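These notes concern the structure reproduced below.
The values are calculated or read from the model by the stated rules, or taken from the named source; none is laboratory data. Owing to the predicted nature of the structure, the values given are computational and were not obtained by experimental measurement. Note: ideal-geometry Cβ built from the backbone for every residue, glycine included; neighbour counts use all protein chains shown. These accessible areas exclude ligands, DNA and RNA; they are computed on the full protein's heavy atoms, side chains included. Shrake-Rupley method; radii C 1.70, N 1.55, O 1.52, S 1.80 Å.
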Amino acid sequence: MNLFHVRVLMAVVAKGSFSEAALDLNISQSSVSRAIASLENELGIPLLCRGRFGAHLTPIGEKVLGHAQKILELRETIDHEVNLEKGLQGSKVRVASFRSAATHILPPKVAEFRSRFPNVEVKINETDPVGVEQALRTGQVDIGLVPLPRSEEFDTWEIARDEYVVLLPNSKQPIPQNLTWEELSAHAFILYNYAECTSAVREHWARWGQTLKIAYEIKEDSTIVSMVAQGLGAAILPRLAALPIPKSVKVRSLPVPLERAIGAAILSNGLHPPAVFAFLDVLR
């Protein structure tokens, strides 16, 4: 059995006749007849019923056709993988990411990508989301990891969800597993001075009619975690931004859950090499 015979069989079934299949494949009708005869001789069974109303599958022919379609699909997959590998030889992917995604999401993805495509160089640039967007616009990087949503100038795919958690200093009093808004209101908070996270927390508090008491506004997430550990206040941070969390800091969920979506972004309408889409497949 060869793939040409399989393609001829599928064309005859699709067109309903040998002559129409020959026109579709741009070969002679006798070539179609020989291909079908060769396939039937090899299998030792009739696959088609020929008649004045065209050619139709026999019952066993219907079963064979299902397997034949899978054979062609597998061959297309092989061709795709081979062509992808050829296109990736000596290529490079440049990725920009904000810190917590660069720390906790990117490394295993890069390792997986490098194991699959060892000849592709991966460059990583760590910056804030505004810097990621700027690097994408100016062509300095191919892919950016950013909180979602972004503007329409970027094509984006969600790759992870990150829960906002409450960080509380250690206390002599037991801390309930499920906090209420009233219990949270007793704390002064060290707020993450980072536009998107800050606005998300403020809006979440306001949505539930709560007042957020702020003691400090700090830019670095690691500084916030250290301050909580020293008993200088509580904090609300995305879990990935808070890691690693000291044992002296207690972690609880918000009374009403809040998450941020993290996505991969590329510049819309850009010309992207095959390596970029291969890396996106790993991220997704």
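What to note about this one:
- Karplus (6.51, -1.76, 1.60) ³J(HN,Hα), θ = phi - 60°, over segment 7-13, in Hz, Gly and Pro reported as x: 5, 4, 4, 5, 5, 4, 5
- A 1.4 Å probe run over the chain, with the rest of the protein chains in place, finds 54 Å² accessible per residue.
- Label zone at residue 50 (point 7 Å along Cα-to-Cβ), backbone N below 15 Å, segment 7-36: 9, 12-13, 16-22, 28-36
- Whichever aspartates and glutamates have a C-alpha closer than 13 Å to that of residue 15, once near sequence neighbours (fewer than 8 apart) are set aside: 24
- Rg of the Cα atoms in segment 166-207, relative to 2.2 N^0.38 Å, amounts to 1.32.
- Global geometry of segment 1-60, whether rounded, prolate or oblate, following the gyration tensor of its Cα atoms and the 1.5 cut on a/c: oblate
- The chain: most fluctuating residue of 55, 241, 229 per GNM, C-alpha cutoff 10 Å: 55
- Rg and Dmax of the chain, Cα atoms only, in Å: 29.6, 91
- Rg over Rh for segment 169-241 works out to 0.94, using Cα positions for both radii and the Kirkwood form for Rh.
- Taken about its Cα centre, segment 158-284 carries a charge dipole of roughly 320 debye when the Cβ of each Lys and Arg holds +1 and the Cβ of each Asp and Glu holds -1.
- Protein-only accessible surface order, largest first, of 93, 82 at 1.4 Å: 82, 93
- The H on the amide N of residue 165, modeled in the peptide plane, is under 5 Å from the matching H of 237, 239, each at least 5 residues off or on a different chain.
- Note on residue 156: accessible area approximately 60 square angstrom, rounded to 10, probe 1.4 Å, nucleic acids and ligands left out.
- R0 of 41 Å, Cβ-Cβ distance residue 259-residue 119: FRET efficiency to nearest 0.05: 0.65
- Distance from the alpha carbon centroid of segment 132-160 to that of segment 173-213 works out to 29 angstrom.
- Estimated translational diffusion coefficient (Stokes-Einstein, Kirkwood radius over Cα pairs, 4 °C, 1.567 mPa s) of segment 139-213: 83 µm² per second.
- The relative contact order of segment 153-284 comes to 47 percent, based on Cα pairs under 8 Å that sit 6 or more residues apart.
- Rounded to the nearest 20 debye, dipole of segment 2-126 from Cβ charges on Lys, Arg, Asp, Glu: 280
- Antiparallel %, DSSP beta bridges [both residues in the chain], to 5: 65
- 3J(HN,Hα) along segment 212-222, derived from phi through the Karplus expression 6.51 cos²θ - 1.76 cosθ + 1.60 where θ = phi - 60°, amounts to 9, 8, 10, 9, 9, 10, 10, 7, 8, 5, 5 Hz, with x in place of Gly and Pro.
- Taking amide H atoms as placed 1.01 Å from N in the peptide plane, the amide H of residue 263 lies under 5 Å from those of 146, 148, 159, each 5 or more residues away in sequence or on another chain.
- Here segment 121-193 exposes an accessible surface that is 45 percent carbon and sulfur, computed with a 1.4 Å probe and the other protein chains kept in place.
- Stokes-Einstein D (µm²/s) once Rh is taken as the Kirkwood radius of segment 160-284 over alpha-carbon pairs, at 10 °C in 1.306 mPa s: 99
- The listed residues 219, 15, 247 rank as 247, 219, 15 when sorted by accessible area, largest first, using a 1.4 Å probe.
- All lysines inside 27 Å of residue 247 as judged from Cα atoms, apart from same-chain residues fewer than 8 positions distant: 172, 213, 219
- Of all DSSP-defined beta bridges confined to segment 112-246, some 40% are antiparallel rather than parallel.
- Across 215, 235, 22, mean-square fluctuation computed from a Gaussian network of the chain (C-alpha pairs under 10 Å connected) peaks at 22.
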